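Data block below; observations after.
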Amino acid sequence: MIAADHLQDSGPADSRLLTRLLQAGTLLIDDEDRLRFASAGACELMGVADFDALRDRWHDLAAQLRIDRWPRTLPDTQTFHGRADLATSSGSRAIRYEMHALDDHGRVHRAILVRDRARLLPSDRALLLASEAQANRQVLTGLVHAAKGPLNNFNLTLALLAAGLARDDGSAATPDASARRRRYVDVLQNESARLAACIDEIHALTIVRDASREPIDLCAMARDCTRVLRHGATMREVGVEVDVPDLAVTAFGDPQLVRLALLSFTICVLELTSAGGRVSSRVRGGNGEDAASVAITTSEPKVPPALAHALFRLACTAESDYAAAIAARLIIEAQGGDVVLHDNDTSAPGVVLHLPSCA
């Protein structure tokens with residue numbers, strides 16, 4: 001069988017991507033939708049012990065996946081993807097799937113990659129680290145710029161204080177001179193506090209925290225992400241704004257990972273926005289079981305088709321186009337949420353992240 005070129009990915013050696021594919025859950029069905037192969041990972045995900053057991057249950061699982069509605073063929077370099085909640089003998093399984101068409105001497109077979117969308121996998125580590133490195137570079141740019149302001153004020157105030165002391169030449173200070181020195185000391189104290197806060201934020205980027213699941217104030221997090229990315233956006237001549245309710249909007253998840261996802265998606269939308277455009281982050285709360293949401297949108301008329309094609313891919317590496325956005329989608333899904341891409345004329349182009357509003 002000859003796989004379409006997009007299975008090879010761009011950049012890494014073919015063997016690296018092949019390793020990822022072997023680690024993933026993989027199914028192979030023929031042109032009559034019969035199951036021909038299932039990897040051990042796919043069997044485990046479908047709640048069965050082995051290929052024979054999966055083949056016995058395939059009719060029911062295929063109906064749940066609605067395989068009869070899937071396209072029989074696909075244009076070259078394209079995939080078909082989706083998500084499903086399967087009822088298996090081992091309980092409900094939340095999965096994401098990606099289908100690739102394979103040509104077998106004129107007969108079209110289909111390879112299906114499946115993964116548990118409710119958790120991050122060890123094989124995602126490189127993708128997450130690459131995403132974190134990209135996000136931290138943008139964050140550090142903003143934090144270093146923010147730190148330069150108080151440092152410049154600090155140095156200027158020290159110069160003024162030194163000049164004032166030199167003018168007094170040891171004589172008794174006048175009331176005006178004492179007041180000036182008091183102002184200089186106040187400035188030094190305030191600016192040193194600002195500088196220390198920037199250093200603390202930079203240091204926080206180096207701390208590796210254990211995974212957790214706790215309440216997250218999405219309003220505060222969205223404002224913070226906008227703040228640290230504002231300088232980079234200004235350098236790109238792109239405006240950024242945040243729209244949040246007066247009251248806190250609470251979601252549940254891993255704060256460090258969710259922040260990385262928000263940063264990665266915001267950076268992705270910033271990079272596709274032309275100079276003179278705007279990027280908006282809007283937070284809305286959920287009610288009861290409804291999810292809280294963060295919409296990150298652009299003033300561009302549409303998002304690039306390449307992003308729409310890549311965002312829900314399962315077969316990708318850290319070097320892939322939009323790898324950071326793909327990693328961010330994995331993070332949100334692992335928190336029990338989902339990601340919706342708006343790339344048409346019916347709504348503002350961008351991404352909407354949904355996160356559970358209750359534990």
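The values are calculated or read from the model by the stated rules, or taken from the named source; none is laboratory data. Since the model is a prediction, treat every value here as computed from it, not as a measurement. Positions of Cβ are backbone-derived with ideal geometry, glycine not excepted, and every protein chain shown enters the neighbour counts. Note: areas computed on protein heavy atoms with side chains; ligands, DNA, RNA excluded. Shrake-Rupley method; radii C 1.70, N 1.55, O 1.52, S 1.80 Å.
List of remarks:
- Signed unit charges on C-beta, dipole axis of the chain, positive-most listed residue S123, G41, P349: P349
- Within the accessible area of the chain, the carbon and sulfur atoms contribute 54%, probe 1.4 Å, all protein chains present.
- Compactness of the chain, expressed as Rg and Dmax over alpha-carbon positions, Å: 26.3, 99
- Positive end of the dipole of the chain (Cβ unit charges, origin at the Cα centre): among A111, H145, P304, the Cα lying farthest that way belongs to H145.
- Size descriptor, Kirkwood hydrodynamic radius, that averages inverse alpha-carbon separations across region 226-269, Å: 12.0
- Sorted largest first by accessible area at a 1.4 angstrom probe radius, with every protein chain in place, the residues S178, S280 fall in the order S178, S280.
- To the nearest 10, the accessible area of L205 is 40 Å² with a 1.4 Å probe.
- Net charge in the neighbourhood of A334 (other residues with Cβ under 12 Å of its Cβ; Lys, Arg +1, Asp, Glu -1) is +1.
- The convex hull around the C-alpha trace of region 47-144, projected and averaged over every direction, spans 9.6 square nanometres.
- Taking all protein chains together, L158, L65 sort by accessible area into L158, L65, largest first [probe 1.4 Å].
- Taking every alpha-carbon pair under 8 Å whose residues sit at least 6 apart, region 29-173 reaches a relative contact order of 17 percent.
- A helix-only calculation puts the chain at -15000 deg cm²/dmol for mean residue ellipticity at 222 nm, using -39500 (n - 2.57) for each DSSP H run of at least four residues, averaged over all residues.
- E319 accessible area, assembled protein chains, probe 1.4 Å, Å²: 90
- The chain: antiparallel DSSP beta bridges as a percent of all, rounded to 5: 90
- Cα-based shape type of region 264-359, given that a ≥ b ≥ c are square roots of the gyration tensor eigenvalues and the cut on a/c is 1.5: oblate
- D254 accessible area, assembled protein chains, probe 1.4 Å, Å²: 10
- Heavy-atom accessible area ranking, 1.4 Å probe, most first, across R183, R93: R183, R93
- Using only Cα coordinates, the Kirkwood hydrodynamic radius of region 71-224 works out to 22.3 Å.
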